[in-house]
1. In degrees from 0 to 90, rounded to the nearest 10, what is the angle of the helix 169-180 Cα long axis to the longest principal axis of the chain?
2. What do you get for the angle between helix 257-268 and the principal long axis of the chain? Use alpha-carbon atoms, 0 to 90 degrees, nearest ten.
3. So the label point goes 7 Å from the Cα of LYS168 along Cα→C-beta, right? Which residues of the range 211-249 then have their backbone N under 16 Å from it?
4. Rounded to the nearest 5, what % of the DSSP beta bridges within the chain are antiparallel ones?
5. Report the percentage of all Cα-Cα pairs in the range 1-130 whose separation exceeds 17 Å, rounded to a whole percent.
6. How about LYS105: which lysines have a C-alpha closer than 19 Å to its C-alpha, ignoring those fewer than 8 places off in the same chain?
7. LYS18: which lysines have alpha carbons under 24 Å from its alpha carbon, excluding same-chain residues fewer than 8 sequence positions away?
8. As a check on your grasp of the helix formula, calculate [θ] at 222 nm for the chain: sum -39500 (n - 2.57) over DSSP H runs of n ≥ 4, divide by the residue count, round to the nearest 500.
Amino acid sequence: MAAAAASVIPTLSERPVKNTICLFDVDGTLTPARRSVSPDMLQLLSALRHKVAIGFVGGSDLAKQQEQLGTQSIPVTTLFDFCFAENGLTAYRMGAPLASHSFIKWIGEDSYKKLVKFILHYVADLDIPVKRGTFVEFRNGMINVSPIGRNASVQERNEYEKFDLEHKVREKFVQAIKQEFPDLGLTYSIGGQISFDVFPQGWDKTYCLQHVENEKNMPDGVEYKTIHFFGDKAYQGGNDWEIYEDSRTVGHAVKNPEETMAELKKMFDL
Ligand code: M1P
């Protein structure tokens, strides 16, 4: 049903509320953390897309957003006008890729090797109940560091999250990296359950706004005068904070996907 709806979506310049775009965080905002989107949410987003432009902005890479928001037969890039993976470092507009940037080019191999060496030594010395695999995930626009490892199961993640809340493992880890590398110009963001993201300063979710602002320069582009942003981590230290409080956006703090849906229905009469 979502694919059929996507195929008859009006072009960006023909949307009834033309100068407005809604951007959404993924985990905890469109979907439960690391889980799939509900059919109700997809239906609502499709209805919204008939009125305004829509996009997601997530810290994860596009493969994970495909898993959570798309299906085997429906690419996520057809469900949203704008797909901003890795905070917009990897970006798609109407299904086509936009220019991307890379963390490794920015930091350089030498500094990266020192950083990753420190991180892996730190993980090796950590005394936590469970360790799995993939402690550093190398992405295009960032690295993701997980003390338990990204291969943890759903149950292991839930248990780790509680442990971390009590023992502040990630907070202490971030402090240790900051202390070791005060001059690298990096930002650290604890956005999910088991890990934290590491990326250059300014490469937070506000990074995607440059693509939105550039829309007015596209041949069939629109100047977005109202940029709504919805996120569940819109508090200081959360990975939605910078874009939520940015002067270019109207921020909406939500607690879960149900609250996102309720807010959208109210705002856009859906
Ligand atoms: O989207 C929020 C975060 O989701 C994942 O975090 P975790 O695996 O810790 O739950 C990661 O993909 C992370 O990069 C992202 O910021």
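The values are calculated or read from the model by the stated rules, or taken from the named source; none is laboratory data. All figures in this text were calculated on a predicted structure; none of them were measured in a lab. All Cβ positions, even for glycine, are placed from backbone atoms using ideal geometry, and neighbour counts span all protein chains on display. These accessible areas exclude ligands, DNA and RNA; they are computed on the full protein's heavy atoms, side chains included. Shrake-Rupley method; radii C 1.70, N 1.55, O 1.52, S 1.80 Å.
1. For 169-180 against the chain, the angle is about 70 degrees.
2. 30
3. Answer for the range 211-249: 237-238.
4. Numbers: 16 of 34 bridges.
The antiparallel fraction comes to roughly 45 percent.
5. Values: 5337 of 8385 pairs.
For the range 1-130, the fraction of Cα-Cα distances above 17 Å is 64 percent.
6. LYS113, LYS114, LYS117
7. LYS51, LYS205, LYS216, LYS225, LYS265, LYS266
8. Values: 10 runs with 96 residues, N = 270.
Roughly -10500 deg cm²/dmol at 222 nm, from the helical runs in the chain.
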